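**Q** Take this structure, written in structure tokens, and hold onto it; I'll ask about it next.
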Amino acid sequence: MLTFRALFLLFVLHIAALVVAQSSSAPKNRTSPWQTLSAIPKENCWRRIFCRGLTFWFLFAGNAPLVIAKGGFSGLFPDSSSASYSLALKTSLSNVVLWCDVQLTKDGAGICFPYLQLENSTDISNFFPKDKVYLVNGKPVKGWFSVDYTLDDLANIVRNLRYDLFENTYSSFATWTVIQGIYSRTSKFDGNLFNVLTVEDVALQFKPPGLWLNIEHDAFFSQHKLSMRNFVLSVSRRVIINYVSSPEVAFLRSITKRFKGSRTKLVLRFLGLDDTEPSSNQTYGSLLKNLTFIKTFASGIIVPKTYIWPVDADLYLQPHTSVVLDAHRVGLEVFASDFANDISLSYNYSYDPIAEYLNFIDKGNFSVDGVLSDFPITPSVAIDCFSHISNNASREAKAKTLVISHNGASGMYPGCTDLAYKQAVLDGADVLDCPVQMTKDGIPFCFGSINLIDGTTVAQSGFSTRSIIIPEIQGTPGIFPFNFTWEEIHNLLPAISSPFRDYRLYRNPVSKHVGTLITLADFLSLCKNMSNVSGILISIENAAYLAEKQSLSITNAVLDALSKAGYNNHMTKKVMIQSTNSSVLTKFKDKPDYELVYEVDETIRDALNSTIDDIRKFANSVVVNKASIFPDNQAFLTSLTDVVPKLHSYNLRVYVQLFQNEFVSQAWDFFSDPIMEINSFVMQAKIDGIITDFPSTAVAYRKNRCLNMVDIPIYMSPVQPGSLLQVITAQELPPAVAPFPLLKDSDVIEPPLPSISKAPIGPAQILPNGQSVPPASTSPNDQPGIAACVLLSTPAMLLASLLLF
């Protein structure tokens, strides 16, 4: 018989379970508790003393982290604009908190604006030509300041402007409006519909689940006889304020008593570790060591994300600090700031912002209590769809899309090296690819280009004298593998691809020159021994040239390697042969177990029925580029084509290339988030496979919990092409682009491959003046030195040399 004590213990445990379940705002499908500090709400407790005990027991079973939308969706629309706040509410978790940086006008009105100086995110200088100089924290600052204008001043501008819009006229003096303050983001939404909002506007018009006021420069406004304290206390009587933050200790201490016991939480905002807090004259690094003092006037702290996960000078993560655990220990919530999708993340995240968020909310023995983001849709997805998923989670989901590597995991290591392929296996890629090239001694090997300059340091080596122009291949100088033995190529130093280096976006510099190139035979052996790799994809290009000019049969070399590796009989791996040439795929028609993949090497909008019938005669699948599915106009999606459903209607699978994580590779509609892009191609376009430089991101997407939900949340819904263009006024629309071509019969029908010539014919060398040089011997010692030297001095070669270093 149970004792009273035992019964009471069971009762306590039962009530505790109910309390945790009721208090948690985490996703219903959550499989692991959140390690936030969220206290159990008192309204769910019978007695406060009971709650105190449960708070200790369930310290690491709190609410899901908050998503705090900085100025709304400021990564796309101008910060603190109506469109920005509206989009944040529509695309984020249901309990999203809207962030408002408060500035005071001359008559004491509080407006939401991200900077003290108005010109940083407006074109106010066009309306008020005279700026001023004021002391800010003891330093002279020049600009336009809100303290010089009344709210009516700003409202009158807005009224004049709206009249002009109604009359469809644009007066040169009526242009004061909110604009995008970060120049790397699109300026297409800098428009006449976005005007400055007051705190009351945001609270009453949008009725957000939570409102966060950030108060900076209290001392500056005091110099102008404006009281931030009075404003905050006054506005809190009219609208609900959930959080008030400030980097100034004195300001928070001045309002602590007024908000004690209320629903408003006070949060100390930390600036740089070496920056000085103006009221205490201490650095924020020093204040961080005295968290018990902060607890006397605040319920939480908000810190730059590097306080928690520091990065070194080379943008690599260092071990996490104890900031979150230390703050939680004294009862302070911790919010992390400075999250944005379109900045250079630590290389450890491979340009995947969701991977970064997970490191703050679902890694190790802590979780922050909230994140401040310019792109609130991304942390919403991270929290609700990607958190608490086991590494061994099943791949089975509604999305059966194949993940196919591109040159291995070439976002992490030099493409087609042993390390790139091993990383792709670790990432969970279904299919590993090998673009086959040929050496002059007949060895097929994996390399992403027929030009060795594209992925090695050959241009900086002693082999640079082998640079030639081959018009049949390319019109610029190149160094080609069929002029090398395998031994020479095997000893080349590989170079990681950084296709967006012009934007200062580089890939994993610490691994820039690691790994070694491998033969096709070694690739086949590696894949055969990897149980989690379901298939291989072998790409074949330039077969006709190699046969006719170099006496090399790349198709025979591939068939021979596959046969020797045991990929012909009783295959356990899918074999895919890909080419842009129908003549190549025809050579493999007698291999019924192989999947033949035709690559369309141009952007198309449609294909003739007769053309698709022709493709079916030599291929089972088709590869198209992203723009053939979602055409764009200056990085704004315009529509969704019928290419995929039409090819599907002919029982052809459709694979799409090339998916890359760098935000500049995506249309604005995808919010600088590679997961958003993949999601739209999979869920809306219904593609069959993703060809990607970053297989880990595609595999993580396929495991996300939201794919199996009956009602997929709005933040994981596919984008609607053309919706952003509708926001842009007619005067701001990008110019129309020429229509994409229609895929016709003549584009796919080709003559058979030429027979192998008896002796290799050296390629003609073309000098910069257009004159040709007699064909070169394939012997490296017999290369014409004068012609090679002239070619090496061309601007194209010099540029290629510089870009590799």
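None of the figures in this text is laboratory data; all of them are computed from the coordinates on show. These numbers come from a predicted model, not from an experiment. Counting neighbours? That spans all protein chains shown, and the Cβs are built from the backbone with ideal geometry, glycine included.
**Q** Could you rank the peptides 133-142, 415-424, 508-517, 280-289 by their average count of other C-beta atoms within 10 Å per residue, with the highest value first?
**A** 415-424, 508-517, 280-289, 133-142
**Q** Rounded, prolate or oblate: which fits segment 474-563, taking a ≥ b ≥ c as square roots of the Cα gyration tensor eigenvalues, rounded meaning a/c under 1.5, else prolate when a/b beats b/c?
**A** In terms of gyration-tensor shape, oblate.
**Q** If you plug each phi of segment 378-384 into the Karplus form 6.51 cos²θ - 1.76 cosθ + 1.60 with θ = phi - 60°, what whole-Hz ³J(HN,Hα) values come out, in order, with x for Gly and Pro?
**A** Each residue of segment 378-384 in turn: 5, x, 4, 5, 4, 6, 8 Hz.
**Q** What translational D, rounded to a whole number of µm²/s, comes out for segment 304-353 from Stokes-Einstein when the hydrodynamic radius is the Kirkwood one over Cα pairs, at 25 °C and 0.890 mPa s?
**A** 205
**Q** Still on this structure, please answer the following. Would any residue of segment 97-112 have its amide N under 16 Å from a label point 7 Å out along Cα→Cβ of H224? List them or say none.
**A** 101-112
**Q** Over 21 Å between Cα atoms, which of K617/K744; K422/K589; K139/K265; K400/K686; K440/K573 qualify?
**A** K422/K589; K139/K265; K440/K573
**Q** So, one more: Quick query: amide H of L658 versus all other amide H atoms, modeled in the peptide plane; which residues come in under 5 Å with a sequence gap of 5 or more or a different chain?
**A** Placed amide hydrogens put K626 under 5 Å from L658.
**Q** So, in Å, what gap is there between the alpha-carbon centers of segment 565-611 and segment 82-108?
**A** That distance is 52 Å.
**Q** Under a plain spin-label model, where a point goes 7 Å from the Cα along Cα-to-Cβ, how far apart in nm are I714 and E200?
**A** 2.7
**Q** Would you order V267, V239 from fewest to most other beta-carbon atoms within 10 Å of each residue's own beta-carbon?
**A** V239, V267
**Q** Let me ask another. How many nm separate the modelled label positions at Q460 and D606, each set 7 Å beyond the Cα in the direction of the Cβ?
**A** With each label placed 7 Å out from Cα toward Cβ, I get 5.0 nm.
**Q** Now for a separate question. How high is the relative contact order of segment 404-501, in percent, counting Cα pairs under 8 Å that sit 6 or more residues apart?
**A** 28
**Q** What are the residues whose amide H is under 5 Å from the amide H of V403, where those residues sit 5 or more places off or on another chain and H is modelled from the backbone?
**A** D430, V431, I690
**Q** Could you put T641, T697 in order, starting from the residue whose Cβ has the fewest other Cβ atoms within 10 Å?
**A** T641, T697
**Q** Starting from the amide H of V623, placed 1.01 Å from N in the peptide plane, find each other amide H under 5 Å away whose residue is 5 or more places distant or on another chain.
**A** Correct list: Y598, E599, V600, Y655.
**Q** Quick one: in segment 540-667, what % of C-alpha pairs are over 26 Å apart?
**A** For segment 540-667, the share of Cα pairs beyond 26 Å comes to 34 percent.
**Q** Moving on to the next point. Please list 3J(HN,Hα) in residue order for segment 131-147, calculated via the Karplus relation 6.51 cos²θ - 1.76 cosθ + 1.60 where θ = phi - 60°; whole Hz, with x for glycine and proline.
**A** Per-residue couplings from phi come out as 9, 9, 10, 10, 7, 10, 6, x, 10, x, 10, 9, x, 10, 10, 5, 5 Hz.
**Q** Moving on. Quick check on the exposure proxy: order M438, M412 from fewest to most C-beta atoms within 10 angstrom.
**A** With the sparsest Cβ surroundings first, the list reads M412, M438.
**Q** Mind listing the phi-derived Karplus ³J(HN,Hα) values for segment 581-588, rounded to whole Hz, using 6.51, -1.76 and 1.60 with θ = phi - 60°, and x for any glycine or proline?
**A** 10, 5, 5, 6, 5, 4, 5, 10
**Q** Right, next: Between segment 493-527 and segment 246-301, what is the separation of their alpha carbon centroids in Å?
**A** About 47 Å separates the Cα centre of segment 493-527 from the one of segment 246-301.
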